[in-house]
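Working notes for the structure below.
Since every read-out is calculated from the coordinates, none of them should be taken as a lab result. The structure displayed is predicted, hence computed values, not measured ones. Here Cβ is always computed from backbone atoms with ideal geometry, including for glycine, and neighbour counts include all displayed protein chains.
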Amino acid sequence: MNKSTTPTKKINKISFGEQGFSIGDQQDKSSSSSPTGIVRSHWKTLQSNNLCKICHINLNVKNGIVNCRKCGQLHCNLHTHYEVRLRNPQFDEKTPQYDSNGIWSRCCETCYLERQNTEVLSNNLTEDFKKIRLTFADVNELKRIKVQRNFLKLVNEGKEVTHWKTGNHCSICFVKFSLLIRKHHCRLCGDLVCDDPNGYRKYCSIYLPIISLIDRLPNLNYDKIPNDTIKFRCCINCKNGLLFELRKQEQPENEIIKTYLNLIDQRYQIEVMLEKYSKDEKIGHKLMNHLKDFEKLVINFRNQFFTNDLRVVQIENEQLIKNIYQSIAMFLQDNLIKYKEISAIHVPPEPQKEEIKPEPSLTKKQVRELREQLMVLNEQKFLIENMIKDFTKSRRFDELNSLILNKQELEDTINELENKLGEFKFI
Amino acid sequence: MALDLYKVKDVYFNKLYQPRQNASEQIKPKVLLLDKITTTIISMSYTQSQLLSNDIILIELIENYKTLSVMKHLNCIVFVSIKSLSSLISELKSPHFGSYEIYFNNSINKNQIEKIAESDEYEIVDKLIEIFQDYLILNSHLYQIQHEPGAINPYLEDGSKLTSLLLSLKKNPIIKYESNSNDIKRLSSEILYNINSNSNNNLFDDLNIHNDVPPILLLLDRKNDPITPLITPWTYQSMIHEFCKIEKNLVNIENQQIILTDSNDQFYKESMYLNYGDLTDKFQKYVEKYKSETNQSQITKTSNLNELKKILMKFPEFKKFSTNILNHLNIISEIDKQISLQKLWDLGELQQTIVCDLDSQQNIKERIITVLKDSKISTTNKVKILLLYSIRFNFDQSFLSILNDPLCSDPLPSEEQVNLLSKFKSLFNLTNLTNIQKQQQQQGLTNIFANKNINISNLFKNHQNENDNIYLQYTPRLNEIINKLIDPNLESSVKLNTLIPDKVKQKYGTTTEKVQDIIIYMNGGLTYEESRLIHEISENNKKINLIIGSDEMLNSETWLNKLYNLTKDKQTEPERTQFRDLL
């Protein structure tokens, strides 16, 4: 569709436009605006040989010589079949600018496509949200104080502290009470709640010993501590309100997260250094040290959270640990080749120890691949050994030398592979 | 391209996960809380490794807020639909994570913000952001909206989903819709209401800033083109869907799941729109490339150990390469198997002959009879051919006796199929009836014969393109509609009504002659063949930006099932208002 032939009438118009332009340019530079009102001062003037900015065709009257109204560059007819809306430059702008209310003006393909950007909208409501939240802060605090006061009263005086409400629905899950779903009252706020300790609605209310809450809230003004047989019913809202301060406190360090934080920190160091390394090879040793640390961390992580047959130790956090492990493995896999290169170049002072050990997180796939390689190499070694025997028998010593050398090399690689495989060496 | 859904995907990815820009930022591992709707959106758009490398170490469903374990060291990114509001509120009341960034996948109203604010007693919400992606991104120009079963008012739901699409692309469009469809009419007024009312926090007011021409939202109805999904497709992506079904970018072949995305599968990206012949050529070249690269790596042949080392290092890359080849090989061989099994080479040609009017009725009839007598051709395929015939000409009862002959058909056609065959034409003529009547009134009785098949014959008019591949001669009706929009001077039978939102009217006036951005929505299902058409139109015409979408991706099987339901519905309930629930 792009190649739609231009009517001859249009070509005339263009050559006319080109003429008009050159005259305008010579006569009067200060008021160089076209009849449409878009300035032309940025238009490129004709040189001895003019090429289309896009297809690099020689521009002449036949191809058309057209200035893009937006960028001012010269183009052929074919690449100026476009129109955008423009407005005149304001302030210190040099060229006309896009404006969806502006004047339709002819432009080149580049400027047209530049205009066609995919924009993506998102709406940030955080400000509004925080303002609204502020208005609720007092109300919520008041509620919490009330619940706490009621709780103290209940503990100290041991009697009903609120007026029991009436109704037909649970105030939390809105289930309708019936013969099977009985009414209960929260002893702290008096709301009607349902009780379903094992089912889907089990979180509406709980029936718990008072002492268990007192244990968790030791700082309140208790007159006496009731014995641990006394139980009472409490809705989830009141429980949350009571334990608000407690929940707000920081949770003790979590081993998994702590290790992970160390890991990503180290990983990030490596990423930064890898980037620098591509420009500056001097930091190779430093990078090697980071890699070594990272490796140690990974091994620790594996020992800590996995059993020997790669099962997760902590069942409750299984997915978390697996995900972490996977993300590390991914990072290592993506960069394995680079590390090897680096470690090959920067042979550290103690080569045996410093060499990057095989990443401990060999996946099953990798293990299989390595094993296959190992097998192939072993076979080759076997073949060469046979050949050596044959050759010694037939006394062809001149070829024997190179064979022995070959065998040596093979053995080295086999060793390397075996090292890499480590405990996975045997099938 | 001004309408690139992959760009939307990338921008939203950065919004959600904010990949770290510089070293000074402290890294905090994150957990991602989703609900069922957003899980599909996320899984269609991003890979797990993408998430993992952005320190998302845990993904949970917000519905399970009761059973989450407490991890205050984790930051939480919540990306949910408004349907999960109550779960979110409960989660905030007894939080499990350190801090929360909440993203909604569509606009929310003030009342809802207040509810969240009230429940945030711990003041742990850092951000509350609306991003507008209540739809799935299939390709860079193809989207799909999800239907939830049991929606009370589907127009309302679809309307808000399409509104999210408009918002995400920053478009405030002119709405054009097919005037003969009630469903589309209701949907269009729903969208217009969404745009004009202030329920979206005036979001629509300052869109279109960078649009010289008002964008167009084109609402179409599948019912107006019932034949495109019946025709066997011959391009790669459509064929995969026809024979193996693409379900949310996943293809199931021989108990194996294959992920198909053009964003990280170069071969698929290059070949998804190729026809079958070009595809096999392309694939052969691809395999040869693989061979030549792996040939060097044959371990036994190399003498130099250093070289061997290098090759071994490249192993993972080869592995990727070979699995990719294997996947496509599996798919292509499955397609090939199906084509020869169903005798589609012959059938396909016959289909094209019928719909493109390439032969006389007598010849076509003879060919159909030979097809019907072939017991190896499945009954479903025979039904498809007969449906095409019945829309082109009138349905011939003599076919039924052959179709019902146990010697020729195995299994015998079901009651549904027979029903559909006899009613197919009236089913879709009926929807156009008002149209025809109007024309007849205008033109008087003299033209009654000319008008007899006006809608149907127009369906076949658009085969004039110079396609020399006999299997690809049919062009869907969509082509005509788009061309008509681009060039209003073209002849067309399509009737479109126009709705213009207030803000658009203020800015551009009511008359607009140019077209740049067109967002198409096909109600009732879309074929990949039409998606390819859209891709081709926008490739050929740089001035136009197109995206298309639907509520379902159809192949002939799913479409036939819908048709069966439709005829059943017609029998029991003559009202047409419920049509949409079935479609």
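Once you sort the root eigenvalues of the Cα gyration tensor of the stretch A:137-248 as a ≥ b ≥ c, which label holds: rounded (a/c under 1.5), prolate (a/b larger than b/c) or oblate (the other case)?
prolate
If the cut-off is 18 Å between C-alpha atoms, which aspartates and glutamates fall inside it for B:K282, apart from same-chain ones fewer than 8 positions away?
B:D262, B:D265, B:E270, B:E293, B:E334, B:D336
Suppose R0 equals 51 Å. What FRET efficiency, 1/(1 + (r/R0)^6) with r the Cβ-Cβ distance, do A:E114 and A:N262 give to the nearest 0.05?
It comes out at approximately 0.65.
Set the Förster radius R0 to 45 Å, insert the Cβ-Cβ distance between B:E114 and B:Q266 as r into 1/(1 + (r/R0)^6), and round the FRET efficiency to 0.05.
So, using R0 = 45 Å, E works out to roughly 0.40.
For peptide A:375-385, what's the mean number of Cβ atoms from other chains within 10 Å of each residue's Cβ?
1
Name the GluC sites (Glu not before Pro) in the stretch A:242-296 that are in a loop by DSSP and that have at most 14 other C-beta atoms within 10 Å, would you?
A:E250, A:E253
Could you line up A:I328, A:I172 from fewest to most neighbouring Cβ atoms inside 10 Å?
A:I172, A:I328
Pop the C-beta distance of B:D359 and A:N123 into the FRET formula with R0 = 41 Å and round what comes out to the nearest 0.05.
0.10
In straight Cα distance, which aspartates and glutamates are under 13 Å from B:K503, not counting same-chain residues fewer than 8 positions off?
List returned: B:D205, B:D206.
Suppose a student asked you for the relative contact order of the stretch A:82-134, using Cα pairs under 8 Å spaced at least 6 residues apart; what percent would you report?
Result for the stretch A:82-134 is 32 percent.
Taking a 25 Å limit on the Cα-Cα distance, which of the listed pairs B:K170/B:K543; A:K322/B:K289; A:K53/B:K542; A:K292/B:K320; B:K285/B:K337; B:K9/B:K248 fall beyond it?
Pairs exceeding 25 Å: A:K322/B:K289; A:K292/B:K320.
What is the distance, in nm, between label points placed 7 Å from the Cα along the Cα-to-Cβ direction at B:T370 and at A:V376?
Here the modelled spin labels are 5.3 nm apart.
Once both labels are modelled 7 Å past Cα along the beta-carbon direction, what's the B:K514-B:E148 spacing in nm?
Going by the 7 Å Cα→Cβ label model, 4.2 nm.
For every other residue with a beta carbon closer than 13 angstrom to the beta carbon of A:N406, add +1 if it is Lys or Arg and -1 if Asp or Glu, then tell me the sum.
-3
Let me know the mean shielding of B:108-120 by other chains, meaning the per-residue number of their Cβ atoms within 10 Å of its Cβ.
Average per residue, whole number: 4.
Beyond 22 Å between alpha-carbons counts as too far, so tell me which of A:K176/B:K36; B:K291/B:K343; B:K223/B:K425 fall in that bin.
Cα-Cα > 22 Å for A:K176/B:K36; B:K291/B:K343; rest within.
Just checking the output field for A:127-136: average partner chain Cβ neighbours within 10 Å of each residue's Cβ?
That works out to 6 on average.
Sort the stretch A:364-424 into rounded, prolate or oblate with this rule: let a ≥ b ≥ c be the square roots of the eigenvalues of the Cα gyration tensor; rounded if a/c is under 1.5, and if a/c is not under 1.5, prolate when a/b is larger than b/c, oblate otherwise.
prolate
Between A:E318 and A:L142, what is the label-to-label distance in nm when each label sits 7 Å out along the Cα-to-Cβ direction?
If labels sit at A:E318 and A:L142, their model points lie 4.9 nm apart.
What full-extension length gain, to one decimal in nm, is calculated for A:H169 and A:Q326 as 0.36 nm per residue of separation minus the Cα-Cα distance?
Between A:H169 and A:Q326, full extension yields an extra 51.8 nm.
Among A:393-405, B:278-290, A:145-157, how do they line up by average Cβ neighbours within 10 Å per residue, starting with the highest?
Final packing ranking: A:145-157, B:278-290, A:393-405.
What is the fewest-to-most order of B:E530, B:E480, A:E341 by other Cβ atoms lying within 10 Å of their Cβ?
Ranking B:E530, B:E480, A:E341 by Cβ neighbours within 10 Å, fewest first, gives A:E341, B:E480, B:E530.
List nothing, just return the count: lysine pairs in the stretch A:364-424, 8 or more apart or interchain, with Cα separation under 24 Å.
Number of lysine pairs found: 9.
Using the 10 angstrom Cβ neighbour count as an exposure proxy, how do A:C55, B:C356, B:C76 rank, fewest first?
A:C55, B:C356, B:C76
For the stretch A:46-193, what class follows from the C-alpha gyration tensor (a ≥ b ≥ c being the square roots of its eigenvalues): rounded when a/c is under 1.5, otherwise prolate if a/b is larger than b/c, else oblate?
prolate
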